[in-house]
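This report refers to the structure that appears directly beneath it.
The values are calculated or read from the model by the stated rules, or taken from the named source; none is laboratory data. Small disclaimer: the values here were computed from a predicted structure and weren't measured. We work out accessible area using only protein heavy atoms, side chains counted, and drop any ligands, DNA or RNA first. Shrake-Rupley method; radii C 1.70, N 1.55, O 1.52, S 1.80 Å.
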Amino acid sequence: NPGFVVRITQAGLDYAHQHAITVLEKELAQLTLPDISGNFRIWHVGKVQYEISRLSLQSFHLPYSRISLVPGVGLQVSISNAFAELDGNWRVKMHFIRDHGSFDLRVENVYIKIHLRLGSSTSGKPTIDTSSCSTRISNVRVHFSGKFGWLYNLFHKAVESRFRKILESKVCDSVAKSVRSELQPYAQTLPVTAKIDAMAGIDYSLVAPPTVTAQSLDVDLKGEFFSLAHRSAVPFPPLALALPPDHDRMVYFGASSYFFNTASFAYHAAGALVFEITNSVIPKGVEFQLNTSTFSAFIPQLENMYPHMEMKVRLSAPSAPFLTIGPDGLSLKPVVDIQTYAILPNSTLAPLFLLSLVSNVSAVIDVKSGHIVGSLKVGRLKLSLKHSDVGTFQVRMLQSIMNILASNILLPRLNERLAEGFPLPLPDRIQLSNILVGFHQNFLLLGADVQYHPQ
């Protein structure tokens, strides 16, 4: 199962198609055509030799085109009523008659049908290629300059069929070249892995070739965070991910609970879920001193054992916290170990007590600059004593102190990191707009419209 799904709707394909047709139009306008020569025989007159040279394509216009989803096959691009304008030189020889000049040619009612095959490479990148192409030209109009009008008409009939076949072949060659040189390299800019920071990255490789349905193009991605220092197997599988039939936006991203939980697993494995708090990191304006004098109000024996000493608090997650996604939103219930120390005059640490903290945490999710960003809100904290080196005491008396540490120090640190966000799998020069966020059972659904910025 994928941990992350990208869905491109018909509206998204139509938008991409507009830009692709502009590229193809420019590519076709650069077609080079070969010289044409030959001869034909006129009854009672004899053999006529002709030559057409310096064929130059002035323009190629694709006014009407559309892209269609072909379920189980790929994409089909249909172009109709295209037209092109050319000019060139001609030369003719018949007995004593020799003439030459220039001509203008207009090709009308050009129909092109292109089938695109979608796949994935061994490295997990998307691939796109032309599986078939056909071109049909209905009308060719040519205007020759010169004195022998009757001869030009014969000349025109002799070369029209050859010219039509050449152009039909050249058009499909140009289409295949444009797909290989423009479309395929652009598809390859979709990131397979995205480095997030010094500790973790995201694996966005395709787990299967893209799937085409009657409504959309779906791309299944691994959607897995990993530790840069040591990548290990994730000890839980991704659940099946079925996106709802929403089509109001150009693109949708389905991020499963697996996607987010592998983030938790990777950062835990990298040792990132450990926070140390001393007086130096307590923000100004927080009227709180992290020392034994403060805690002795709740643990009187501290005053005798470690009088007037600064303290260090070490918060760590004994296991990676798991996140739950449901229709009501996103939440998690992390367990945090809180180990406290007294900082002795020689700077060594004397362990005081170890607490276990459990809290309900909710999350707010958004998308900014192509990144999933978020913020956490902590609910009521529940404390329990796991071990004490200073004797027994009432744990509930420390509730207010732990609330200060969690809300003023730990939470701002986490939210600062979450505000930087995690990159979505986007190809180059794509920006998202008109974003919506929805929650479903076991996955988050992001919808957006797309803006492409050419180089």
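Brief remarks on what is shown
- Separation of alpha-carbon centers, segment 88-124 and segment 252-282, rounded to whole Å: 59
- Reach of K93 by Cα under 18 Å, taken over lysines that are not fewer than 8 positions away in the same chain: K47, K147, K157
- For the chain, the carbon plus sulfur part of the accessible surface works out to 52%, probe radius 1.4 Å.
- Heavy-atom accessible surface of the chain, averaged per residue, reaches 50 Å², computed with a 1.4 Å probe.
- Cα-based shape type of segment 157-277, given that a ≥ b ≥ c are square roots of the gyration tensor eigenvalues and the cut on a/c is 1.5: prolate
- As a length-normalised measure over Cα pairs under 8 Å and 6 or more apart, the relative contact order of segment 264-312 settles at 37 percent.
- For segment 230-244, the Karplus equation 6.51 cos²θ - 1.76 cosθ + 1.60, evaluated at θ = phi - 60°, returns couplings of 8, 8, 10, 5, 6, x, 8, x, x, 7, 4, 10, 10, 6, x Hz by residue, with Gly and Pro reported as x.
- Think of it as helices only: each DSSP H run of n ≥ 4 in the chain is worth -39500 (n - 2.57), and spread over all residues that comes to -6000 deg cm²/dmol at 222 nm.
- Computing semi-axes √(5λ) of the Cα gyration tensor in Å for the structure here picks out one of (i) 36, 32, 23; (ii) 61, 31, 18; (iii) 74, 19, 16, namely (iii).
- Sequence-separation-based contact order of the chain, relative, with Cα cut under 8 Å and 6+ spacing, percent: 14
- Listed by chain and number, the lysines whose C-alpha is less than 23 Å from the C-alpha of K125, apart from same-chain residues fewer than 8 away, are K177, K195, K222.
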